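Okay, so here's the structure we're looking at.
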Amino acid sequence: MRRQDRLLNFPLIHPLLVSLYPVLSLWLANADQLELYSIGRSLVFSAGAAVIACTAGMLLFRNARKAALFSSLLLILFFSYGHVFTLIDEKTIGGFMFGRHRYLVPLWLALFAAGTIAIARNRSKLDRITRIFNLTSLILVGLVLAQAVLLLGPRMLQSAPEKTAVAGAETQQDGGTKRDVYYIILDAYSREDVLAEEHQIDISPFIEQLTDLGFIVDPCAQTNYNWTATSLTSSLNMNYLDALGIPINANEAQINYWDFTSRISYSAVRHKFEAMGYQTAAFKTVYPWLEVADPTYYFDVEQTSSSYDRQESINFQYFFLRTTAMRLLLEAQEKSPERFESLPPQILRFVNPKASLLSSRHFKQYEQNLYAFESLSKLPEYPGPKFVYAHLFSTHQPYVFNVDGSMRWPPLENMQAYNDQILYTNQRMIEILKTIIEKSEIPPVIVVQGDHGYLYDTNRVKILNAFYLPDGGAEKLYPGMTPVNTFRLIFNHYFGENYPLLEDITYYSPREKPYQFEVLPPSCPTGEE
């Protein structure tokens, strides 16, 4: 008991725990989308903030208990600012918009000043309030850690799931010609007519170049689902979510990505190819639920980087800092990056395109996109046969390319930036596809497909869908064939299988209710096929 009393009476415990709790709770809330190592950088930042706050408190009060209370007050206000601002952003009362930084900052400064004055004027020993702060912070951090162990531990420690089998066909490990198969996903790539009507961007030259290379581009293409996890789980397992046993709750406001992780990492398509002696090639995606586990070839420009400097860590720290008072600085730089160019070199290194927290995540994405393009074009040189699953983010935010391929600075995340990335990606893809076709000893199978479109309305289901199916495979295509049938057709024609083609159904769900599915009609009139 005495040891517990000494622990609860030690004044510097609660400032440290107060600084760590925001990082741990944010990680727990998003753990299905984050690697655990990605929080290390933010934990170091938060612990450093606690040390600075405690040092300032000791210099100001010369009393450990008062310094600790001052530190916790400062840290609570600092780490809560972004959360509170998110809740009130642009909110109004009686026509008065109070959700502005100009109103919240003075309030936070007033709370800080009032708290500091109260601590300074206090004449008691503060033993009781120190114990209350220590106990409260211990409980909060303990609850987060307990939830992590009880809810997430079994998922994070589980072994690879059993390989997924697909009903309706016999497994023929040695059937068919061992040609390479490329499944190239251009994330958020909308269909040609949508880009023309909604974006005023003409990609007909790109479509013509694909056609000249021998591709069939479906003008009626629609995806089966309009979110990445649902779309790719369906296409990579050649079936619909209900048939795959994915839990569906129409009232859920967010996708539970753990329900999709194993279906993407160890998909039926991958299992089928590996059973036929294929090697798997995959590319870094920065989302753990999209990663292909243990492929033969893995392309990650940061493969030798420390976890502290990896893109995932910087991405998490950026979004974490937006929940703090650092949001003021980040938003100021986002709105007017040129203002920071005149800062002293000691400060400028934190805000230039390659080093700042704001833009280094953009630079790292830029590097990874370029590396993915280069690596994809070299894959014909790797020994095969290969199943290449290339999920590329060159048409997905953050938008890091200008039309000429240079890095976009300052970064933008709007339709124009998306359009520029489309145009640059088109240019690179034609070069890459030419190289793959020319350097492949046996004509490869290539599918270039969007997982969904750019917009957040029903046009999101309309995607780019292009097929290079040599030796008669193209004859089996029909307008409006959805991704659920992509590999059923490929396995049937090239590997002697007999998968029945499923009915082509497109399910649309809104952003706020991703499992609330609505069936959309096909783009092509019935009977056109």
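The values are calculated or read from the model by the stated rules, or taken from the named source; none is laboratory data. A quick note: this is a predicted structure, and the numbers were derived from the prediction, not measured. Don't worry about glycine lacking a Cβ; one is built from the backbone with ideal geometry, like all the others, and counts go over all protein chains shown. Just the protein is used for accessible areas: all its heavy atoms, side chains included, with ligands, DNA and RNA removed. Shrake-Rupley method; radii C 1.70, N 1.55, O 1.52, S 1.80 Å.
Values as computed for the structure displayed
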quantity	calculated
Solvent-accessible area of residue 467 with every protein chain in place, 1.4 Å probe, in Å² to the nearest 10	10
Accessible area of the stretch 7-130 belonging to carbon and sulfur atoms, whole % at 1.4 Å probe	69
Radius 12 Å from Cβ of residue 467, net charge of other residues (Lys, Arg +1; Asp, Glu -1)	-1
0 to 90° range, to nearest 10: angle between helix 228-237 axis and the chain longest Cα axis	40
Length released on extending from residue 9 to residue 51, taking residue separation times 0.36 nm less the Cα-Cα span	13.3 nm
Folded to 0 to 90 degrees: helix 127-147 orientation relative to the chain principal axis, Cα	10
Solvent exposure of the chain as accessible area per residue, Å², 1.4 Å probe	46
Cut-off 15 Å between beta-carbons: net charge of the residues surrounding residue 98, Lys and Arg +1, Asp and Glu -1	+1
Nearest-ten-degree value, helix 357-378 long axis tilted from longest Cα axis of the chain	20
Set of aspartates and glutamates near residue 439 by C-alpha distance (under 16 Å), chain-local residues within fewer than 8 positions excluded	180, 374, 381, 431
Heavy atoms of residue 475: accessible area, 1.4 Å probe, square angstrom to 10	150
Difference of contour (0.36 nm per residue) and Cα-Cα distance, residue 44 to residue 62	3.9 nm
Helix-derived mean residue ellipticity, 222 nm - over the chain, DSSP H n ≥ 4, -39500 (n - 2.57), to 500	-15000 deg cm²/dmol
Pair residue 25, residue 37: separation of 7 Å Cα→Cβ label points (nm)	2.8
Prolate/oblate/rounded call for the stretch 205-286, Cα gyration tensor, a/c under 1.5 rounded	oblate
Backbone N within the stretch 483-518 under 18 Å of label point (7 Å from residue 251 Cα along the Cβ vector)	510, 512-517
When each of 284/386; 272/378; 462/513; 284/378 is checked by Cα-Cα distance, pairs over 22 Å	272/378
For Rg/Rh (Cα atoms, Kirkwood Rh), calculated from these coordinates, the label among (1) 1.03; (2) 0.97; (3) 1.01	(1)
Amide H contacts of residue 408 (H built 1.01 Å from N, under 5 Å, at least 5 apart or other chain)	401, 402
Rounded FRET efficiency, nearest 0.05, which uses the C-beta distance separating residue 439 from residue 208 and R0 of 22 Å	0.45
Orphan Cys of the chain, criterion: no other Cys C-beta under 4.7 Å	54
Simple spin-label estimate for residue 334 and residue 92 in nanometres, 7 Å along Cα-Cβ	2.2
Candidate lysines - alpha carbon under 18 Å from residue 125, same-chain residues fewer than 8 apart omitted	66
Rounded to 5, percent antiparallel among DSSP beta bridges of the chain	45
Extreme residue, positive dipole direction of the stretch 356-446, given options 419, 373, 363 (C-beta unit charges)	363
Rounded FRET efficiency, nearest 0.05, which uses the C-beta distance separating residue 151 from residue 409 and R0 of 30 Å	0.15
